[in-house]
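Contents: one structure, followed by commentary.
The values are calculated or read from the model by the stated rules, or taken from the named source; none is laboratory data. Since this is a predicted model, take the numbers as computed values, not measurements. Counting neighbours? That spans all protein chains shown, and the Cβs are built from the backbone with ideal geometry, glycine included.
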Amino acid sequence: MRAFAVGEMRRLLVVFAAMSAILSMITGHAQDAKAVAQKTGVSSSELFLAAVPGAGNTEVTVLEVTYLPGAMNPRHFHPAAVTFHVIAGTPVFQEDGKEPVTLKPGDSLLIPAGTTHSHWNPSKTEGVRWLEFIVAEKGKGRAIRKP
């Protein structure tokens with residue numbers, strides 16, 4: 001895990017706090033252990049978790065998520081907005097009622113709070129890796145499965 005300088009961390013927290021405020025005006029910590037176990041070929045690692053200074057009970061979580069070839073996370077939503085930033089591979093994201101969107105490394109995507117969506121790796125040979133950024137009330141960023 002990379003260590004962040006104090007100034008760098010403050011800048012990250014300001015960005016996350018600003019993103020959260022903007023998202024609130026516009027309108028998953030990762031899956032819990034049981035939900036993750038139900039997905040074949042999907043794993044996540046928590047890279048960062050901290051309270052946002054001066055923002056009450058708000059915390060920021062950064063996750064690194066990997067998908068093996070063909071892996072899928074079925075329909076779910078997050079009580080908080082989630083921003084995805086693709087590092088490797090070409091994942092597909094689909095919000096309910098919308099066409100699928102294929103992303104490539106360097107692309108980012110914002111999924112607003114409460115938006116039912118799914119994502120998957122369509123490749124039969126290459127994995128996918130992205131970062132997830134979640135700013136939410138403590139304990140409220142986890143995904144909630146949809147039928």
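Count of the range 23-50 residues, restricted to those that are of a type outside the set (D, E) and modelled with pLDDT of 90 or more, is 8.
Every listed requirement among (1) surrounded by fewer than 16 Cβ atoms within 10 Å (Cβ to Cβ); (2) in contact with a strand residue (DSSP E or B) (Cβ under 9 Å, 6 or more places away or on another chain) is met by E59 save one, (1).
Return the total of residues in the range 76-104 being charged (D, E, K, R) and crowded, with 16+ Cβ neighbours inside 10 Å.
Looking only at the range 76-104, we keep the residues that are charged (D, E, K, R), and these are 95-96, 98-99, 104.
Narrowing the set further to residues that are crowded, with 16+ Cβ neighbours inside 10 Å leaves 95.
Adding up the residues that qualify gives 1.
Scan the range 71-87 residue by residue and report those that are within 15 Å of the chain's Cα centre (by Cα) and either outside any strand (DSSP E or B) or aliphatic (A, V, I, L, M) (or both).
Our first condition is that a residue be within 15 Å of the chain's Cα centre (by Cα); within the range 71-87, this holds for 72-87.
Hits for the range 71-87 are M72, H78, P79, A80, A81, V82, V86, I87.
Looking at the range 105-117, is at least one residue touching a Lys or Arg at 6+ places or on another chain (Cβ under 8 Å) and surrounded by 18 or more Cβ atoms within 10 Å (Cβ to Cβ)? Yes; the residues of the range 105-117 include at least one that is touching a Lys or Arg at 6+ places or on another chain (Cβ under 8 Å) and surrounded by 18 or more Cβ atoms within 10 Å (Cβ to Cβ).
Of the residues making up the range 100-147, those that are within 14 Å of the chain's Cα centre (by Cα) and of a type in the set (S, T, Y) are S108, T115, T116, S118. Screening S20 against (1) more than 14 Å from the chain's Cα centre (by Cα); (2) under 17 Å from E132 (Cβ atoms); (3) modelled with pLDDT under 65; (4) among the hydroxyl-bearing types (S, T, Y) leaves a single unmet condition, (1).
Listed residues R142, R129; which is assigned to a loop (DSSP other than H, G, I, E, B), surrounded by 14 or more Cβ atoms within 10 Å (Cβ to Cβ), touching an Asp or Glu at 6+ places or on another chain (Cβ under 9 Å) and basic (K, R)? Write out each step before concluding.
Details: R129 fails: assigned to a loop (DSSP other than H, G, I, E, B).
After ruling out the rest, the residue left standing is R142.
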